[in-house]
Amino acid sequence: MAISKPEGTEDLLPESMRFYRTFVDTAFRVFARSGYAPVETPLFEQTDLFVRGIGEATDVVSKEMFTAISGANLQKVLAGEKLKAKSRLSLRPEGTAGVVRAIAQNGLVTQGGAPVKLMYAGPMFRAERPQKGRLREFHQVGVECMGADDPSIDAEGIIMLMRFYEQIGIPRENMRLLLNSMGDATCRPAYRDAVRDYILAHEDRMCEDCRTRAEANPLRAFDCKKPDCKTIMADAPLITEALCYDCRDHYERVKTYLDASGIAYREDPTLVRGLDYYTRTVFEIQVDIEGMGSQSAIGGGGRYDGLMHEIGGKDTPGFGFAIGYERCKIALEAAGVQTASASTCDLFIACVEESTRAEAFTLAQRCRDAGLSVEVDHQGRSLRSQFKLADKLRARKVAVLGPQEAARGAVNLRDMEQHTEELVQQSDLPQRL
Ligand code: AMP
């Protein structure tokens, strides 16, 4: 039986890979303008990092984490032995916890120093039920800024994110930026209790998931898609009325900055996002384009002032967001934006007969060393078939090398678009291209 790719994963074939590169390069270019620098952290971390950072009661940690067991430890697990914390590993379900861990471990935030601004791109893993726009291995581009609690950091991040979406081609009119404040350690506990009590008061009409959530993670009930739960949650207490003075002030100032930059947003007091670590600002970008499917969130994030402390580091405020690559690609395709691009090759060296093949090979190497992308025939094709291949590879020029050209140290250089041809010295080829 042929083995196929695991459920919920995708191969990034060369065409997709080209777009993925463009996507990441564009994001990094936009974010670098605000001082963000690239970083890469391990694809797996100690499970405890995610449990403590993201929160045990979140769906991501409680249901969707892929745990990794190294060969030797598998025997221990099968024998019922408990692994030490450092051997309990999980594939990263998101990027923030790892980057925050790296910032803490490497002491990047210094007393009185400027905020640390990092950006990353790569695969994330969640054991979700796969559907269009929801994968088990997907790709995110994200940023994290640690060491400053000013609302200007939140606004700066949101603005550069919206600039990125525009730059990559998501139509502005199809995007919706939802904004909320989730409060902080001062005001959220009381609000959380109020929502829990509200759910418990209506539990007979709510689904089992929401009833379970009431104690562990009541705010998640706002995300429930069941009609009855939605109706009941529509009248639940709202965070907006429960914010303390500092949170309210922070939220107002974020909005003032966004207004000043002409960024349109919609306040949504029920936006809670799935991860436990958020404090104050949270936001999500949704797209509304026919053919997009039900997974409309193309990115989101917020402030996480308690996360560093939660994972054992010094109390350090943080802000970040992540963009879903696959969903953006679906959105762009639904909007009719071209994401596929063919590769191009600078030069195809075609040999007229077998006797010039070795010379064509050497010439190709010389041109590659000079920085050109060059292809030659490796299969003894006829000249006609080499031209067909050059066409398929979208070669800009074809250098025809026959015994006569070879004797003069030259090639016949044909321009595939202009259909012109001229004799060019082999040593001049790199400059001519
Ligand atoms: P989150 O880390 O949950 O805040 O997600 C940030 C973004 O990543 C979302 O807005 C989605 O675009 C994307 N995303 C999250 N989970 C998945 C998934 N399972 N498959 C594809 N994209 C995802």
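Annotations for the structure displayed:
- Calculated FRET value between Gln75 and His309, using beta carbons and R₀ = 45 Å, to 0.05: 0.80
- Farthest toward positive dipole pole in the chain [+1 Lys/Arg, -1 Asp/Glu at C-beta], among Pro189, Pro115, Pro151: Pro115
- Applying 1/(1 + (r/R0)^6) with r as the Cβ-Cβ distance of Ser355 and Glu166 and R0 = 60 angstrom yields a FRET efficiency of 0.60.
- Cα-derived Rg over Rh, computed across region 357-433 with Rh taken as Kirkwood radius: 0.91
- Between helix 96-105 and the chain there is an angle of about 90 degrees, using the helix long axis and the longest principal axis of the Cα atoms.
- Estimated dipole of region 36-174 in Debye, rounded to 20 [Cβ of Lys and Arg +1, of Asp and Glu -1, Cα centre]: 680 debye
- About the Cα centre, charge dipole magnitude for the chain (Lys/Arg +1, Asp/Glu -1 at Cβ), debye: 820 debye
- The 3J(HN,Hα) values that the Karplus relation (6.51, -1.76, 1.60; θ = phi - 60°) gives for region 32-42 are, in residue order, 4, 5, 9, x, 7, 10, x, 8, 9, 10, x Hz. Gly and Pro appear as x.
- Close amide-amide hydrogen proximity is noted between Val352 and Leu401, Gly402, each under 5 Å apart and 5 or more residues distant or on a separate chain (H modeled in the peptide plane; Pro and chain starts excluded).
- Highest-first arrangement of 297-306, 232-241, where packing means the average Cβ count within 10 Å: 297-306, 232-241
- Global geometry of region 207-270, whether rounded, prolate or oblate, following the gyration tensor of its Cα atoms and the 1.5 cut on a/c: prolate
- Derived scalar couplings between HN and Hα for region 335-346 equal 7, x, 8, 6, 10, 7, 9, 7, 6, 10, 10, 5 Hz in order, rounded to whole Hz, by the Karplus curve 6.51 cos²θ - 1.76 cosθ + 1.60 (θ = phi - 60°), x for Gly and Pro.
- Peptides ranked, highest mean first, by Cβ atoms within 10 Å: ranges 332-341, 161-170, 123-132, 69-78: 161-170, 123-132, 332-341, 69-78
- Multiplying the residue separation of Thr231 and Glu203 by 0.36 nm and subtracting their alpha-carbon distance yields 8.8 nm.
- Alpha carbon convex hull of region 59-173, volume per residue in cubic angstrom: 166 Å³
- Rel. contact order, % - alpha carbon contacts under 8 angstrom, at least six apart, the chain: 15 percent
- Alpha-carbon centroids, region 350-422 and region 170-244: separation in whole Å: 66 Å
- Computed from backbone phi, the HN-Hα couplings of region 140-149 come to 10, 10, x, 9, 9, 10, 10, x, 9, 9 Hz, rounded to whole numbers (Karplus: 6.51 cos²θ - 1.76 cosθ + 1.60, θ = phi - 60°; Gly and Pro given as x).
- With a Förster radius of 30 Å applied to the C-beta separation of Arg129 and Ala32, the computed FRET efficiency comes to 0.25.
- Compared with the direct C-alpha span, the chain from Leu423 to Lys84 gains 114.9 nm at full extension, assuming 0.36 nm per residue.
- Database remark: amide H of Cys207 closer than 5 angstrom to the amide H of Cys229 (H placed geometrically; neighbours at sequence offset of 5 or more, or on other chains; Pro and chain starts carry no H).
- Residues whose amide H lies under 5 Å from that of Ala68, counting only those 5 or more places away or on a different chain, are Leu89, Ser90, Leu91; hydrogens are built 1.01 Å from N in the peptide plane.
- For the chain, the alpha-carbon radius of gyration amounts to 1.25 times the rule-of-thumb value 2.2 N^0.38 Å expected for a compact globular protein.
- Partner lysines whose Cα lies under 25 Å from the Cα of Lys314, excluding those fewer than 8 positions away in the same chain, are identified as Lys84, Lys86, Lys117.
- Most positive-pole-ward Cα, Ser385, Ala32, Met292, against dipole of the chain from beta carbon charges: Ser385
- Flagged links, alpha-carbon separation over 21 Å, of Lys5/Lys132; Lys5/Lys76; Lys5/Lys226: Lys5/Lys76; Lys5/Lys226
- Each 10 Å bin from zero holds the following percent of Cα-Cα pairs in region 243-317: 15, 41, 31, 12, 1.
- No Cys partner within the rule (Cβ under 4.7 Å), the chain: Cys145, Cys207, Cys210, Cys247, Cys328, Cys345, Cys351, Cys367
No value in this document is a laboratory result; all are computed from the given coordinates. All values derive from a computational prediction rather than experimental measurement. Heads up, the Cβs are rebuilt from the backbone with ideal geometry, glycines too, and the neighbour counts pull from every protein chain shown.
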